[in-house]
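K.L.:
Before I ask anything, here is the structure I am working with.
The values are calculated or read from the model by the stated rules, or taken from the named source; none is laboratory data. Keep in mind the model is a prediction, meaning the values are calculated, not measured. Ideal geometry is used to build each Cβ from the backbone, glycine not excepted, and the neighbour counts take in all protein chains shown. Areas reflect the complete protein model, heavy atoms only, side chains present, ligands, DNA and RNA absent. Shrake-Rupley method; radii C 1.70, N 1.55, O 1.52, S 1.80 Å.
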Amino acid sequence: MKNKYINPPQFIMFIFMGVLAAAAAAIDMNMIGVINDALVKWAMNGVIVLSLIPMINVGAGRNFGMTIGLSAGLVGMIFALNARMTSWTGFFVSMAMGAAVALVFGYLYSLILNHLKLNEEIVGTFAGYAFIPIMNLFYTFVPVTNRQMLYPIGGQGLRPKVNLENYFGQILDRLWQIRIGELVIPLGLLLFFFGIGALLWLFSRTRTGMIFAAIAENERFVKLSGIHVDHYRTIAIIMSTVIAAIGVVVYSQSYGILHLYDGPFMMSFPAVSAIVIGGASPRKATVANALIGTFLYQTTYLLSIPVANALLIPEMAEIIRTIITSGIILYAFIFERKDTRHEAREK
């Protein structure tokens with residue numbers, strides 16, 4: 001009998017992270033600094049990973065087209081920075097404007113995915129890729145008046161990277177920081193991250209959240225019950241797009257830079273990898289999956305490069321990290337496929 005509580009990919013990732021931590025301690029790495037960075041990376045990437053939950057739970061696949069939501073958040077920040085909004089005003093206006101744009105983008109995205117059911121992940125991937133050049137045209141021709149955002153020569157088109165230090169860079173990271181010696185706990189950033197997770201957990205207990213789960217489990221039965229499936233799929237897709245827009249604002253303020261053009265190009269893959277490592281199935285994801293998976297993925301990423309630099313030649317660090325991490329992610333997908341087939345045979 002299969003133990004449903006044992007998740008091999010997650011277990012392997014814990015072991016791998018433990019080995020890296022032991023190696024880091026052996027080479028006298030500053031472990032307090034690693035913990036500080038791990039806490040920030042956990043929260044700054046975590047909101048983006050949480051955005052996957054609504055789409056997975058409604059059976060619309062893992063959102064490889066997350067780029068669409070991320071782009072909406074970038075548009076929100078462009079609006080706030082162009083108006084020279086700083087501090088909390090700039091941060092909240094960026095999220096509000098990004099969420100508003102994400103409502104439109106998410107609705108259009110839902111029309112595509114609802115029309116091409118059962119192929120959401122493939123369609124989402126290509127939709128996300130296709131959206132990048134469209135947004136690049138927007139960044140080139142958008143009428144911005146803030147000279148700090150424009151190319152210095154010619155003044156046409158936005159810079160690929162805009163420094164947020166004079167606007168709202170690290171505003172959440174510095175909120176309610178707790179310092180215990182060298183240990184720095186970014187309490188404000190963590191509370192924001194946990195707050196989004198708590199709202200999603202509460203939503204899963206509502207009638208709409210339960211309908212999401214029912215659609216993912218048996219869409220045909222839900223249709224026979226008189227429920228408009230596409231309506232709820234649209235709500236889930238819009239939710240994921242809006243949370244992704246908010247997530248990229250949180251990510252950018254921690255990073256300290258607004259990264260445009262191809263910046264969000266590959267951000268969906270680490271997010272999907274994290275939630276899969278956290279134990280999410282193709283049709284069910286929980287807040288705990290996102291929390292655990294993001295921590296494992298980001299901390300492993302953080303540890304692997306300096307450890308490989310110290311123990312191997314520097315050029316090998318990124319290669320080794322990519323091979324090992326990608327191998328574990330691939331195993332997670334294979335394990336997930338076997339699990340799905342097992343459940344299908346039992347039914």
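K.L.:
For region 17-69, how big is Rg over Rh, using alpha carbon atoms and the Kirkwood form of Rh?
P.N.:
1.21
K.L.:
Now, a different point. Report relative contact order for region 49-198 in percent, whole number only (criteria: Cα-Cα under 8 Å, sequence separation at least 6).
P.N.:
Value for region 49-198: 23 percent.
K.L.:
Sticking with this one: Grab the Cα-Cα distance for Asn119 and Ala100, subtract it from 0.36 nm times how many residues apart they are, and report the gain in nm with one decimal.
P.N.:
My answer for the length gained is 4.1 nm.
K.L.:
Also, I was wondering about something else. Collect residues whose amide H, placed 1.01 Å from N in the peptide plane, falls under 5 Å from the amide H of Leu150; neighbours closer than 5 in sequence don't count.
P.N.:
Arg159
K.L.:
Something else: Do any GluC sites (Glu not before Pro) in region 181-272 lie in a loop, going by DSSP, with at most 12 other beta-carbon atoms within 10 Å of their beta carbon, and if so which? Can you show the working numbers first?
P.N.:
Details: sites: Glu182, Glu217, Glu219; in loops: Glu182.
Here the sparse-neighbourhood loop sites are Glu182.
K.L.:
What order, most packed first, do the peptides 281-290, 66-75, 157-166, 132-141 have when packing is the mean number of other Cβ atoms within 10 Å of each residue?
P.N.:
Put in order of decreasing packing, that is 66-75, 281-290, 157-166, 132-141.
K.L.:
Which whole-number percent is the relative contact order of the chain (Cα, under 8 Å, 6+ apart)?
P.N.:
Reported relative contact order: 32 percent.
K.L.:
Continuing with this model, one more query. Keeping all protein chains in place and using 1.4 angstrom, which order do His231, His115 fall into by accessible surface area, from largest down?
P.N.:
Ranking His231, His115 by accessible area, largest first, yields His115, His231.
K.L.:
Gap in Å between the Cα centre of region 272-300 and the Cα centre of region 52-84?
P.N.:
Their Cα centres are 18 Å away from one another.
K.L.:
What chymotrypsin sites (Phe, Trp or Tyr not before Pro) does region 242-291 have in DSSP loop regions with at most 15 other beta carbons within 10 Å? All intermediate terms of the calculation are to be shown ahead of the outcome.
P.N.:
On the way: sites: Tyr251, Tyr255, Tyr261, Phe265; in loops: Tyr261, Phe265.
Sparse-neighbourhood loop chymotrypsin sites (Phe, Trp or Tyr not before Pro): Phe265.
K.L.:
Hey, another quick one. Let me check against my output: what whole-number percent is the relative contact order of region 72-141, with C-alpha pairs under 8 Å and at least 6 apart?
P.N.:
27 percent
K.L.:
Please work out whether region 140-201 counts as rounded, prolate or oblate from its C-alpha gyration tensor, where a ≥ b ≥ c are the square roots of the eigenvalues and a/c under 1.5 means rounded, while otherwise a/b larger than b/c means prolate and anything else oblate?
P.N.:
Since a/c reaches 1.5 but b/c is at least a/b, the shape of region 140-201 is classed as oblate.
K.L.:
Using only the alpha carbons of the chain, what is the convex hull's orientation-averaged projected area in square nanometres?
P.N.:
Over every viewing direction, the Cα hull of the chain projects on average to 19.4 nm².
K.L.:
By Kyte-Doolittle mean hydropathy of at least 1.0 and Cα axial length of at least 18 Å, which whole DSSP H helices of the chain are selected?
P.N.:
Span-like helices in the chain: 8-26, 31-50, 67-82, 87-115, 187-204, 229-255, 287-311.
K.L.:
What 222 nm value per residue comes from the helices of the chain, counting each DSSP H run with n ≥ 4 as -39,500 (n - 2.57) and dividing by all residues, nearest 500 deg cm²/dmol?
P.N.:
Values: 13 runs with 238 residues, N = 347.
Calculated from helices alone, the mean residue ellipticity at 222 nm is -23500 deg cm²/dmol.
K.L.:
Mind checking the alpha-carbon convex hull of region 181-240 and giving the volume per residue in Å³?
P.N.:
Here the figure is 92 Å³ per residue.
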